[in-house]
Amino acid sequence: MNKMTKVIIPIMLLSLMSACSQQVQEKELSEHFMDNQSKFERLSNLSCTLLNNDFKAMQYAVGDYDNRESKAKTNEQIKDYKFKWANLNKYGAQFENNLKEIDKLLVDLDVDEILIRELSGECRLYIDVWSIWMTGEGQEMGYLFNPETIYEYDPEIHSKSNRDLKTQIDFTLPLSSGWYVGYSNTP
């Protein structure tokens with residue numbers, strides 16, 4: 001091993017270990033939801049109204065509205081069923097106001113982005129809180145609104161100290177108003 005490799009590998013391992021130790025778990029996410037339930041409800045209402053247009057999916061990150069002009073130039077290859085920033089003007093002032101409010105809610109909730117999509121005729125939302133993936137294996141935890149599949153939550157199996165990371169694990173912990181905490185482990 002060369003000198004550079006001896007330095008880089010430990011730094012990467014420390015970074016990974018630090019990221020793993022920073023993973024917020026379902027209890028903290030549930031508490032955060034309960035403390036901010038009205039904001040989550042407003043976020044789901046606003047986000048789902050955006051789908052009443054000619055697209056079926058949109059990924060919105062904090063600051064996207066402020067960067068709309070540069071985003072309009074870069075997303076011309078996006079599939080037809082996804083939102084295109086170049087078409088923003090055709091949706092009207094209320095649509096833009098909703099985007100601004102969604103941006104503020106995401107900041108208030110201390111999350112970076114939201115995936116908004118219509119699936120099986122229903123509005124579904126996903127907010128990634130943390131995820132670790134490498135070569136198709138990994139874990140993720142986030143907030144789900146109106147998930148397509150509900151997986152039972154059993155603390156005897158699903159709490160962090162009881163998880164067997166060598167097996168596929170999925171759960172959706174119900175919160176309120178159609179919101180859930182979702183977790184998936186793919187070995």
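The DSSP beta bridges internal to the stretch 17-130 are antiparallel in roughly 90% of cases. Using θ = phi - 60° in the Karplus curve 6.51 cos²θ - 1.76 cosθ + 1.60, the 3J(HN,Hα) couplings for the stretch 24-35 round to 6, 9, 4, 4, 5, 5, 5, 5, 4, 4, 4, 5 Hz; x is entered for Gly and Pro. Given a 1.4 Å probe and the protein chains as shown, S161 ends up with an accessible area of around 110 Å².
About its Cα centre, the stretch 87-183 has a charge dipole of approximately 160 debye under the convention of +1 per Lys or Arg Cβ and -1 per Asp or Glu Cβ, with nothing else charged. For the stretch 107-187, the spread of Cα positions along the three principal axes, ordered from largest to smallest, is 33, 28, 26 Å. About its Cα centre, the dipole of the chain is roughly 700 debye, where the only charges are +1 on Lys and Arg Cβ and -1 on Asp and Glu Cβ. Considering helices alone, the calculated mean residue ellipticity of the chain at 222 nm is -11500 deg cm²/dmol, with DSSP H runs of length four and up weighted by -39500 (n - 2.57) and normalised per residue. Centre-to-centre separation between the Cα atoms of the stretch 47-62 and those of the stretch 108-148: 14 Å.
Normalised by the number of residues in the chain, the average gap of Cα pairs under 8 Å and 6 or more apart makes the relative contact order 18 percent. What shape does the stretch 123-169 take by its C-alpha gyration tensor, where a ≥ b ≥ c are the square roots of the eigenvalues and a/c under 1.5 counts as rounded, a/b above b/c as prolate, and the rest as oblate? Oblate shape, in that a/c is at least 1.5 and b/c is the bigger or equal ratio. Rounded to the nearest Hz, the phi-derived 3J(HN,Hα) couplings of the stretch 43-59 under the Karplus curve 6.51 cos²θ - 1.76 cosθ + 1.60 (θ = phi - 60°) are 4, 5, 4, 5, 4, 5, 5, 5, 6, 7, 10, 9, 10, 10, 8, 8, 10, where x marks glycine and proline.
Of the chymotrypsin sites (Phe, Trp or Tyr not before Pro) found in the stretch 56-103, the ones in coil according to DSSP and having at most 15 other Cβ atoms within 10 Å of their Cβ are Y81.
Dimensions of the chain along the principal axes, based on C-alpha atoms and rounded to the nearest Å, stand at 55, 45, 29, largest first.
For Cα pairs less than 8 Å apart in space and 6+ apart in sequence, what is the mean separation divided by the residue count of the stretch 91-153, i.e. the relative contact order in percent? Relative CO of the stretch 91-153 lands at 22 percent.
What is the stretch 57-96 by shape, rounded, prolate or oblate, if you read a ≥ b ≥ c off the alpha carbon gyration tensor as root eigenvalues and call it rounded for a/c under 1.5, prolate for a/b larger than b/c, and oblate otherwise? Here the stretch 57-96 falls in the rounded category.
Across R68, R163, R117, the residue with the most accessible area heads the list, and the full order at a 1.4 Å probe is R117, R68, R163.
Computed from point charges on the beta carbon alone (+1 for Lys and Arg, -1 for Asp and Glu), the dipole magnitude for the stretch 65-125 about its Cα centre is near 340 Debye.
Treating cross-link reach as a plain straight distance, find the lysines whose alpha-carbon is under 29 Å from the alpha-carbon of K104, omitting any fewer than eight places away in the same chain. Excluding near neighbours in sequence, the set is K27, K39, K56, K71, K73, K79, K82, K84, K90.
Toward the positive end of the charge dipole of the chain, with +1 on the Cβ of Lys and Arg and -1 on the Cβ of Asp and Glu, the farthest Cα among F40, G138, G121 is that of G138.
The values are calculated or read from the model by the stated rules, or taken from the named source; none is laboratory data. Bear in mind the structure is a predicted one, so any value in this text is a computation, not a measurement. All Cβ positions, glycine included, derive from the backbone under ideal geometry; neighbour counts span all protein chains shown. Side chains are part of the model used for accessible areas, which takes the heavy atoms of the whole protein and leaves out ligands, DNA and RNA. Shrake-Rupley method; radii C 1.70, N 1.55, O 1.52, S 1.80 Å.
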